């Protein structure tokens, strides 16, 4: 059997995710779910359920990244405010 480009692209994504998140790539690769294409080519492709699962996981990761970025920005603003107002009273003296 052959693997479609979708499967190979997912394998590459798994390696990238492992490097970015510091997780064991083998565990991620084991989760890949393939199904026959039923087009007479003896080819396996990603199952629709698995594709949906990956899409949802990526959306959650992107939301978490946005949340962390916002927290970091807020923290930087607080640090700058504390630095610029240290040693002053409310009138700036």
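Read-outs throughout are calculated quantities, based only on the coordinates presented, and are distinct from any laboratory measurement. Model, not experiment: these values are computed from the prediction. Note that each Cβ is placed from the backbone with ideal geometry, even for glycine, and that neighbours are counted across all protein chains shown.
Mind ordering 8-15, 52-59 by average Cβ neighbours within 10 Å, highest first? If you can, show how the numbers build up before the last one.
Numbers: 8-15: 14.4, 52-59: 12.2.
Order by mean packing, descending: 8-15, 52-59.
From the Cα gyration tensor of the stretch 2-85, with a ≥ b ≥ c the square roots of its eigenvalues, which class applies: rounded if a/c is under 1.5, or else prolate if a/b is larger than b/c, or else oblate? Walk me through the numbers before you get to the answer.
Working: a/c = 4.78, a/b = 3.29, b/c = 1.45.
It comes out prolate by the Cα gyration axes.
Please compute the modelled spin-label separation between residue 27 and residue 51, points set 7 Å along Cα→Cβ, answer in nm with one decimal.
Output for this residue pair reads 2.7 nm.
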